[in-house]
Structures are given as structure tokens and as C-alpha cells.
Amino acid sequence: MSGSPVAELMGSIRLLGGDRRGLDAMDLSLDGFWASFRVMLWLAPAVALSLLADLRLNELAGTPRGTSDALVILAGVVSYVVGWVAFPVLLAVLGRPLGLGRAFVPWMVARNWTALPASVPYVVVVAAWLVGILPTGLLGPATLSALGVSLFCGWRVAVLAGGRPWGAAVAYTLVDFLLGLLIESAADRLFGL
């Protein structure tokens with residue numbers, strides 16, 4: 001139980017590499033659980049980059065100018081914040097019937113910390129596109145590849161930190177992903193996008 005952000009990040013990288021001992025570098029206490037949500041703030045620059053890409057894609061797609069950039073940003077921020085906490089809240093509510101017990105806190109701590117390295121491929125893709133290195137025609141396939149990495153990371157954490165069997169880990173990872181899509185769609189509708 002280190003609590004040091006560098007140690008926790010290194011632990012998350014070890015975990016994603018398949019070494020369950022990466023959890024030893026993480027603060028798996030209740031305080032560590034709450035502290036791990038600060039990662040959400042550390043990922044804010046990546047979210048800003050993503051929102052900038054959304055605005056640019058809207059421009060390229062010829063989205064009517066009646067769609068306010070401020071509404072796109074607001075919907076994106078709301079979607080990000082709600083999406084970040086929705087899966088942990090869902091598991092907290094359903095944890096006992098699903099038999100999560102003691103696995104819940106380590107799983108969520110690891111999920112939060114591994115979000116940093118798991119986001120790197122997406123950030124690289126978006127940044128490369130925004131600066132003109134990646135052609136727009138390759139943005140979709142590159143983004144799907146980055147999504148694949150992110151889903152693999154979610155699965156790995158569900159297996160190693162959540163103690164879920166392989167197949168169940170796939171299901172949990174897909175629920176987390178689909179919940180995020182549902183929240184993003186709801187935020188867009190809420191703000192008339």
C-alpha cells in the first residue's frame with residue numbers, strides 16, 4: 001500500500017502487463033479507493049484533446065453552426081464525469097448479489113489507475129490527427145485500435161484485480177463500455193446534440 005502516484009502508476013503498468021503483484025503498489029484501502037478517483041482529473045487534458053477532436057470532426061462533417069461548441073464541450077464534460085463514476089456505482093449497488101465482496105475496492109482502484117496507461121494509444125491517435133500526421137481517413141481504424149487496447153486493459157483489470165473468470169471479465173468490460181456509450185448518447189440528447 002504505497003499511495004505514491006508514481007508507485008501506483010507503475011503498479012498499474014505491471015498489472016496491465018499481466019503481473020498481479022502490481023496491485024501491491026496500490027493503496028487498496030478505502031482511502032486509496034477514493035484517492036484513485038483523482039486520476040479522473042489527471043486525464044482532463046486527454047478529455048480536452050478528445051473534445052477538440054469532436055469539434056473539428058463536427059466542422060469537417062458540416063454540422064450546422066446552430067450546434068454550439070459550448071454545448072458540445074458541456075455534453076462531453078458531463079458524459080466524462082458521469083461515465084467515470086457510473087460503472088463503480090453500478091458495481092457498488094450490485095456487488096453483493098454478484099459476489100464481488102472484497103474484490104470491489106481493489107478492482108476499482110486498479111481500474112482507475114490503469115486508465116492512465118490505457119488512454120495513451122487514444123491520446124496518441126487523436127493528437128496525431130489534430131496536428132495533421134494522421135490522415136482523417138485513418139482516424140476511424142486507428143481509434144478502433146486504441147479502443148481495442150482500452151477494452152483489453154479493462155478485461156485484464158477485471159481478471160487480475162477483480163478476480164473475475166475470463167468470460168465474466170469480458171462481460172463486465174463490455175457492460176462498462178456500453179454504459180459509457182449510453183451515458184454519452186444521453187448527454188448528447190440532454191444538450192440537444
> Could you give every pair whose Cβ atoms fall below 9 Å, whose first residue belongs to the stretch 70-89 and is closer than 25 Å to GLY101 by Cβ and in contact (Cβ under 8 Å) with a residue 12 or more places away in the chain, and whose second residue is among the hydroxyl-bearing types (Ser, Thr, Tyr) and open to solvent by less than 70 Å² (accessible area, probe 1.4 Å), counting only separations of at least 6 or pairs across chains?
Replying inline: PHE87/TYR172
> Quick check: is even one residue across the stretch 50-62 of a type outside the set (Lys, Arg), closer than 23 Å to SER4 by Cβ, out of contact with any strand residue (DSSP E or B) (no Cβ under 8 Å at 6 or more places or on another chain) and at pLDDT 90 or above?
Replying inline: no
> Does ARG102 satisfy the condition of being out of contact with any His (no Cβ under 6 Å at 6 or more places or on another chain), closer than 23 Å to GLY76 by Cα, in a helix (DSSP H, G or I) and free of Cβ contacts under 8 Å to residues at least 60 places away in the same chain?
Replying inline: no
> Which ones in the stretch 118-134 are under 21 Å from VAL6 (Cα atoms) and open to solvent by less than 30 Å² (accessible area, probe 1.4 Å)?
Replying inline: ALA118, SER119
> Which of the residues that make up the stretch 111-129 are small (Gly, Ala, Ser) and within 12 Å of the chain's Cα centre (by Cα)?
Replying inline: ALA115, ALA118, SER119
>> Against the conditions (1) at pLDDT 90 or above; (2) part of a helix (DSSP H, G or I); (3) within 25 Å of VAL123 (Cα to Cα); (4) open to solvent by less than 50 Å² (accessible area, probe 1.4 Å), where does VAL72 fall short? Just the number, please.
In response: (1)
> Which of the following residues is under 26 Å from ALA186 (Cα atoms) and among the polar types (S, T, N, Q): SER4, SER50, SER12?
Replying inline: SER50
> When you go through (1) surrounded by fewer than 21 Cβ atoms within 10 Å (Cβ to Cβ); (2) assigned to a helix (DSSP H, G or I) one by one for ARG111, which number turns out not to apply?
Replying inline: (1)
> Listed residues LEU60, LEU28; which is in a helix (DSSP H, G or I), among the aliphatic types (A, V, I, L, M) and either at negative phi or open to solvent by 70 Å² or more (accessible area, probe 1.4 Å) (or both)?
Replying inline: LEU60
> If you check VAL77, VAL105, VAL82, VAL39, which single one turns out to be under 12 Å from the mean Cα position of the chain (by Cα) and either modelled with pLDDT under 90 or open to solvent by 30 Å² or more (accessible area, probe 1.4 Å) (or both)?
Replying inline: VAL82
> Looking at GLY180, GLY148, GLY167, GLY137, which is the one that is more than 19 Å from VAL81 (Cβ to Cβ), at pLDDT below 95 and open to solvent by less than 50 Å² (accessible area, probe 1.4 Å)?
Replying inline: GLY167
>> Of the conditions (1) part of a helix (DSSP H, G or I); (2) in contact (Cβ under 8 Å) with a residue 24 or more places away in the chain; (3) under 19 Å from the mean Cα position of the chain (by Cα), ALA169 satisfies every one except a single condition; which number is it?
In response: (2)
>> Condition check: of a type in the set (Val, Ile, Thr), part of a helix (DSSP H, G or I) and either modelled with pLDDT of 95 or more or open to solvent by 50 Å² or more (accessible area, probe 1.4 Å) (or both). Does VAL47 satisfy that?
In response: no
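The values are calculated or read from the model by the stated rules, or taken from the named source; none is laboratory data. Model, not experiment: these values are computed from the prediction. Counting neighbours? That spans all protein chains shown, and the Cβs are built from the backbone with ideal geometry, glycine included. Note: areas computed on protein heavy atoms with side chains; ligands, DNA, RNA excluded. Shrake-Rupley method; radii C 1.70, N 1.55, O 1.52, S 1.80 Å.
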